[in-house]
1. Tell me, which strands (runs of 3 or more DSSP E) lie completely within region 119-215 with 1 or more residues that are farther than 14 Å from residue 227 by Cα and touching a helix residue (DSSP H, G or I) at 6+ places or on another chain (Cβ under 9 Å)?
2. What number of residues within region 76-89 satisfy the criterion of being away from the ligand (no atom under 16 Å from the Cβ) and surrounded by fewer than 20 Cβ atoms within 10 Å (Cβ to Cβ)?
3. Determine whether region 134-151 contains at least one residue that is more than 13 Å from the ligand (Cβ to nearest atom), buried (at least 19 other Cβ atoms within 10 Å of the Cβ) and at positive phi.
4. Given the criterion closer than 22 Å to residue 243 by Cα, surrounded by fewer than 17 Cβ atoms within 10 Å (Cβ to Cβ), over 19 Å from the mean Cα position of the chain (by Cα) and free of Cβ contacts under 8 Å to residues at least 12 places away in the same chain, identify the matching residue among 52, 22, 16, 65.
5. Those residues that are surrounded by fewer than 23 Cβ atoms within 10 Å (Cβ to Cβ), more than 12 Å from the ligand (Cβ to nearest atom) and either within 17 Å of the chain's Cα centre (by Cα) or assigned to a loop (DSSP other than H, G, I, E, B) (or both), I need them from region 225-241; list them, please.
6. Can you tell me which residue among 94, 46, 115 is within 16 Å of the ligand (Cβ to nearest atom), in a loop (DSSP other than H, G, I, E, B) and in contact with a helix residue (DSSP H, G or I) (Cβ under 9 Å, 6 or more places away or on another chain)?
7. Looking only at region 193-207, decide whether some residue is in contact (Cβ under 8 Å) with a residue 40 or more places away in the chain, over 18 Å from the mean Cα position of the chain (by Cα) and more than 9 Å from the ligand (Cβ to nearest atom).
8. Can we say residue 261 is outside any helix (DSSP H, G or I), closer than 22 Å to residue 63 by Cα and more than 18 Å from the chain's Cα centre (by Cα)?
Ligand SMILES: C[S@@+](CC[C@H](N)C(=O)[O-])C[C@H]1O[C@@H](n2cnc3c(N)ncnc32)[C@H](O)[C@@H]1O
C-alpha cells in the first residue's frame with residue numbers, strides 16, 4: 001500500500017482544493033496543515049518565509065470574514081512583527097505549542113476585533129496571553145483595552161507570565177491572576193468581548209474543562225463577542241461537548257474550526 005507523507009498529501013490537496021485552503025462544513029483548512037511542524041522548545045525558529053505565513057493567515061482571516069465572524073481581514077503586519085520581535089527577545093518560554101501561524105492568527109483576530117475586555121484562561125508562561133493582548137499593549141498595540149485578564153492555575157507559571165508581560169509593558173489594563181479559570185470567570189463582573197481558552201485540566205478532563213469555563217463566562221460574553229479555543233484538532237475528542245455548544249446556532253451565530261497546523265483553533269461568535 002502506498003504511504004502518503006504529509007508533504008504528498010499537501011501537494012494533492014493543493015491540486016484539488018487550491019493553494020489557499022477551503023472553507024467547508026464549518027472548517028477552514030490549509031493544504032499543508034499536517035506538514036507544518038514546529039519544535040515546541042524552539043518556537044521562534046522560522047518555519048516558512050514570512051510572506052507565506054502572512055498569506056496563510058490572511059486566507060484564514062478571509063474565511064472568518066466570509067463566515068461573519070470578523071468584519072475585516074486587515075491588520076497592521078509591522079505592529080505584529082514588532083510584537084513578535086519583543087516577545088522573542090524578552091519572554092522566557094520553556095515551551096509552547098503556539099506555532100508562528102497561530103500566534104499571527106490570534107494577534108490579528110484581536111487587532112481586528114479590538115476587545116475592550118479580553119480574558120485568557122490557561123496561559124501557562126504567558127505566550128498565549130501576549131498573542132492575544134499584544135494587539136493592545138507593547139509595541140504591537142493598535143488599540144487601547146480596558147481589561148486584559150490572564151488566568152493560570154499554577155502560581156509558578158502565573159508568576160513567570162507576569163514577569164514576561166511586565167518585561168514589555170506596565171499597563172494598568174493587565175491582570176495576570178493565579179486562579180482557577182472556572183471560579184474566576186464565575187465571579188467576574190465585567191462584560192467579556194473575547195474569551196481565549198487553553199486550560200488543560202490536570203485531573204484527567206484535559207480540554208473538556210473548556211465547557212466549564214465557558215459556562216462560567218457565558219452570561220458575560222457580549223453578543224458579537226468572540227471565543228477562541230486552542231487544540232481543536234489534536235484534542236478534538238476532549239472538546240466534543242464544547243463543539244456541540246458553539247456549533248449550535250442557538251448559542252453561536254457562527255463557528256469555524258481554523259486548521260493551519262496540527263493543533264487547530266475553533267473561532268466562534270456569540
Ligand atoms: C497546555 S497549557 C497551555 C499552553 C499553551 N497552549 C502554550 O502553548 O503556550 C495549559 C495551562 O492551563 C493551566 N490550567 C489548567 N487548569 C486550569 C484552570 N482550571 N484554570 C486556569 N489554568 C489552568 C495549566 O496549569 C497549564 O499551564
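Any read-out appearing in this document is the output of simple, stated calculations on the displayed coordinates, not a laboratory observation. These numbers come from a predicted model, not from an experiment. Note that we place each Cβ from the backbone using ideal geometry, even for glycine, and neighbour counts take in every protein chain shown.
1. Fully inside region 119-215 and qualifying: 147-152, 174-178.
2. Number satisfying all stated conditions: 9.
3. yes
4. 22
5. Selection gives 225, 233, 236.
6. Answer to the selection: 94.
7. no
8. no
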